[in-house]
Structure formats: structure tokens, C-alpha cells
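Scroll down for the structure; my scribbles are underneath it.
No lab work stands behind these numbers, since they all come straight from the coordinates. Bear in mind that the values here come from a model prediction, so they are computed numbers and not experimental data. So basically every Cβ, Gly included, is an ideal-geometry build from the backbone, and we count neighbours across all protein chains shown.
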Amino acid sequence: MESNKQLSYLKYFFILFSLVLSTFTVAIISISIGSTSISFTDVLKTLFSEGTSDTIHKIIIDIRLPRVLLGIAVGGGLSVAGAVFQATLMNPLADPYILGVSSGGTFGAVLSILLGLSFVGTQLLAFSGALIVIGIVFVLGKRMGAIDPNMLLLSGVMIGAFFSALILLMMTFLENSFREAIFWIIGNLAFADINSVLIILPLSLVISIILSFNAHKFNVLSLGDESARHLGINVKGFKNLTYILTSLLIGSVVSVSGIIGFVGLLVPHACRFIFGVDNRIIIPASFLIGAAYLVTADTIARTIISPVQLPVGAITAIIGAPIFIYLLKTRFRDT
């Protein structure tokens, strides 16, 4: 029995180590690609404080590195949120976009643009908008004092549609800032800076780690609420805590990136397709694969028709939709 446990730990370590290495490699490749090509050697020298030219140092440290790190935080955070929502609600379609949180955050951002506030003000209003939607959906999604998965999803869809309508209404009053608002609605990492990274990346990592350490409880929840209670899980308290942590994660991510679709929906499905249904692997793997996926998509977005930069949300949707359809068809064919 002990050898089987050790084998499992070795398997988990190997998978996570491989994913960390893959994500690091994707990040280095992304930093090296752009209007100015930079060799891997120069990228590594700059990152590890060895001497390179001032121009290369500025491009890497001031421009590309913050964007890649923000992509890791946003992609990883959205993917973990999707994995946790799907595990908690036992619904494969649950993700930040479906639950309306992204629309709330984007509503706050577009409102800020309409009011002419600074970028910091835009971030604060976006975060506040996401939290407001979280609160509304959380209240409406309860039945007899407990979260009801179906009520939560339906409430999220309706509230998301309501805020999306408000966003379209506000955009009729925008003139010079119309393009900026579009970038928030589709999803974008072009506003990345080191100050955003220093806030969002640690928050995304800490919440994702906390949720990963509780992954075994999500496995128990899959047996049903009643069985989970008999096995010692405080179902109501754990679901409430999970919803709060995940919502804080989504709110912070949306406040810097806008709506980026298909990451929180696609990546957890891809992880289950590759690794199975054990949430002890799915949740941390979702962070790492989601991070690499969004960094890759953003690299495509900023280079495919350079010097024009596309919103990364458009790329994730174009790539994600056919992949998600393939995964669904494969899953139903196998069952």
C-alpha cells in the first residue's frame, strides 16, 4: 500500500514538474518573439541579471516580461476558477463567463472609460463590478440557505446578459474611447505593467494553491452532498468558502484583462481529457496549462499581423471553440 502511495506522489510530482517546465519554456519563447527578435540566451541573461544591452533589457523587463507574467496570472486564474466551478457545481459548462462575473467586471471597466477615469480607476471599478455581480449571483443562487447549482448557473446567465446589455448601452455614448472599450469587452493584455503584475500574480498563485490543497474535497463532493457530509465535509461552509475565493480570483483577473472567453471553460476539460478526473491533478494542472495557453494566444495576438495587436480574447475564442467541440464529441463518443 505504501509503495502505491509513493508511486502516486511520484506521478503527481512528475506531471506537475513537466508542466512547470513547459510553462517556463513557453514564457521564454514568448518573451523572445516580437517586432524585435531576441535570442533565448539574451532573454535568460536579462532575467538572471547578467549583462545585455540597454535596449534589450528595456524591451524584456519593461514590456514583454510584465505581459507574459500577467498572462500566466490571468490564464492560470481563469482555468483554476473554471475547474473549481465545474467541480463544485458538477456542471461541465460552468465557468467565469457563464456565471456572469466577467460581464460585471467589464461593465465596471466600460463605466470607468465613459467617466474618463485613469487606468487605476478602471481597474478598481472593474474589480468592484465583478464583486457586485458575484454578490448578486451568490444571493440569487441560494435555495433554503445553500447554494443550488442550477439556480446559480441560471442566475449567472441572466445577470450576465443584463450587464452585457448595459455595456452595449454605455458604448453608444463612447466616442474617442470606443476602441479601448472594445478591447475590454473582447479581452486584452496590452495594458500590462509591473504594478498590475505585483498585485494579480501573487493573488492568483496564492488562491490557486489554497484551492489545490483542498482538491481532495472536490473529489468527495463529486459523490454528492449527502455522501460528502457523511465523510466529514462541511459542504455548505466549504462551498461558500470556495465560491468566495474563486470569485475574488476572477474579480482580480477581470479587472486587468476584461472578458477572455474559453480559457476557464476549455482548459479544465482538456486536463480531464489528458489526466482523468482526479481534482488533485486537474486543479494545479489547469493553472499551468491555462497559463501556457493564454501566453501562447497572446503571443499570436501581438505578432500575427504586427505591428497591429489583436485582442487576445479573439484568439482564445478562435482556437478554443473548435477544440472544445472536438473534446465534447470525443467524450460523448467514448461514453
Checklist entry - Placing +1 at every Lys and Arg Cβ and -1 at every Asp and Glu Cβ, with all other atoms neutral, what dipole size does the stretch 2-334 have around its Cα centre, in debye to the nearest 20? => result 680 debye
Item to check | Percentage relative contact order, the stretch 242-335, counting C-alpha pairs under 8 Å, at least six apart | outcome: 32 percent
Checklist entry - What residue among 204, 232, 218 has its Cα farthest toward the positive end of the dipole of the stretch 182-272, where the charges are +1 on Lys, Arg and -1 on Asp, Glu, each on the Cβ? => result 232
Item to check | Alpha carbon convex hull of the stretch 219-335, projected area averaged over orientations, nm² | outcome: 8.8 nm²
Item to check | FRET efficiency for residue 117 and residue 330, using Cβ-Cβ distance with R0 set to 45 Å, rounded to 0.05 | outcome: 0.45
Item to check | Value at 222 nm in deg cm²/dmol, rounded to 500, when DSSP H runs of n ≥ 4 in the chain each add -39,500 (n - 2.57) | outcome: -25500 deg cm²/dmol
Checklist outcome for this item: In whole percent, the Cα-Cα distances of the stretch 159-261 spread across 10 Å bins from 0 upward as 12, 31, 27, 20, 9, 1
Item to check | Cα convex hull of the chain - mean projected area over all directions, nm² | outcome: 19.0 nm²
Next on the checklist: Just want the answer: with Cβ charges of +1 for Lys and Arg and -1 for Asp and Glu, which residue in 155, 172, 145 is farthest toward the dipole's positive end in the chain?
Outcome noted: 145
Checklist entry - From the residues 241, 290, 126, which one has its Cα farthest along the dipole of the chain in the positive direction, the dipole being from +1 and -1 charges on Cβ of Lys/Arg and Asp/Glu about the Cα centre? => result 241
Checklist outcome for this item: Row for the stretch 72-156, column shape: gyration tensor on C-alpha, a ≥ b ≥ c, rounded if a/c < 1.5 i.e. under 1.5, prolate if a/b over b/c, else oblate; value oblate
Checklist entry - Over the chain, what relative contact order in percent results from Cα pairs under 8 Å that are six or more residues apart? => result 29 percent
